[in-house]
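Chemist: Next up is a structure, given as structure tokens.
The values are calculated or read from the model by the stated rules, or taken from the named source; none is laboratory data. Remember, predicted model here, so these are calculated numbers, not experimental data. Note: ideal-geometry Cβ built from the backbone for every residue, glycine included; neighbour counts use all protein chains shown.
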Amino acid sequence: MTDYLILVSVGYLLGSVPFGVVAGWLVRRVDVRDFGSGSTGMTNVLRTIGRPAAIVVLLLDMAKAVSAVVLARVVSDEHGVEVAAALAALVGHNWPVFIGFRGGKGAAPGWGGLLILSPPAGLVATVVGGLALVLSRYVSLGSVVAATAGSATLIVIAVTGHAPLVYIWFGAIGTALILARHRDNIKRLLSGQERKLGQSVKGTSPKVGERKGVGWPRSV
């Protein structure tokens, strides 16, 4: 029980590190939550401050869940602790304590968690989600498809005995959290109003130097 308490707390704090907000402040002195979707994740960073920063933020957000699982494996030999730590990182990313509980949508730490818990499931998520993104140019669709396909694969792998059975909880709960955070995107996809990758929208890309002189991005 002590391992769970420690690793869940550490996982949540790791997940709460707002790399998207930090990147926005360092690159353009803006709070990315004031633009576009208001998310701190890779897609909003891409639309707000550009591709290089978005790639760095994606990798760092994925590393949140990866680091949580690695730490769990070092501290404990229980697979349930790994799952709890990974889910805690995802929750922290979505509702980060450091910036007023307004974070991302969970796709990046969910992807990282899949890759470290089950590389085959992570690979399925990467391929299927990547194809959905390339064919549709909807990042949200790619994220939702990747999360669903990867988690379904993880569950099958666990149920058939090729991974610890407790891993099914990361697939089930992680996907539920990601889909819940993408509910507005899903509604826009169904109504044909979702923005495609590369589509510019007024007010989503602040000019370089905009809002200079403003203090550290506000919290809410």
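Chemist: Considering only residues that are among the hydroxyl-bearing types (S, T, Y) and within 23 Å of the chain's Cα centre (by Cα), look in region 160-180 and name the one that is nearest to G104 (Cα to Cα).
Modeler: Result: T175.
Chemist: Something else: Confirm whether G112 is within 20 Å of H182 (Cβ to Cβ), assigned to a loop (DSSP other than H, G, I, E, B) and not hydrophobic (A, V, I, L, M, F, W, C).
Modeler: For G112, the condition - within 20 Å of H182 (Cβ to Cβ), assigned to a loop (DSSP other than H, G, I, E, B) and not hydrophobic (A, V, I, L, M, F, W, C) - is not met.
Chemist: Return the only residue of T40, T48 being part of a helix (DSSP H, G or I), in contact (Cβ under 8 Å) with a residue 12 or more places away in the chain and closer than 30 Å to G198 by Cβ.
Modeler: T48
Chemist: If you check A163, A146, A125, which single one turns out to be within 24 Å of A88 (Cβ to Cβ), in contact (Cβ under 8 Å) with a residue 24 or more places away in the chain and not in a helix (DSSP H, G or I)?
Modeler: A163
Chemist: Okay, next question. So which of T153, T175 is surrounded by 17 or more Cβ atoms within 10 Å (Cβ to Cβ), touching a residue at least 40 places away in the same chain (Cβ under 8 Å) and in a helix (DSSP H, G or I)?
Modeler: On the way: T153 fails: touching a residue at least 40 places away in the same chain (Cβ under 8 Å).
From the options T153, T175, the qualifying one is T175.
Chemist: Could you please find all residues in region 1-31 being in contact (Cβ under 8 Å) with a residue 24 or more places away in the chain and either in a loop (DSSP other than H, G, I, E, B) or of a type in the set (V, I, T) (or both)?
Modeler: Within region 1-31, I6, V8, V10, V17, P18, V21, V27, R29, V30, D31 meet the criteria.
Chemist: Looking at (1) at pLDDT 95 or above; (2) in a loop (DSSP other than H, G, I, E, B); (3) more than 29 Å from K187 (Cα to Cα), which is the one condition that is false for D77?
Modeler: Here D77 meets the rest and fails (1).
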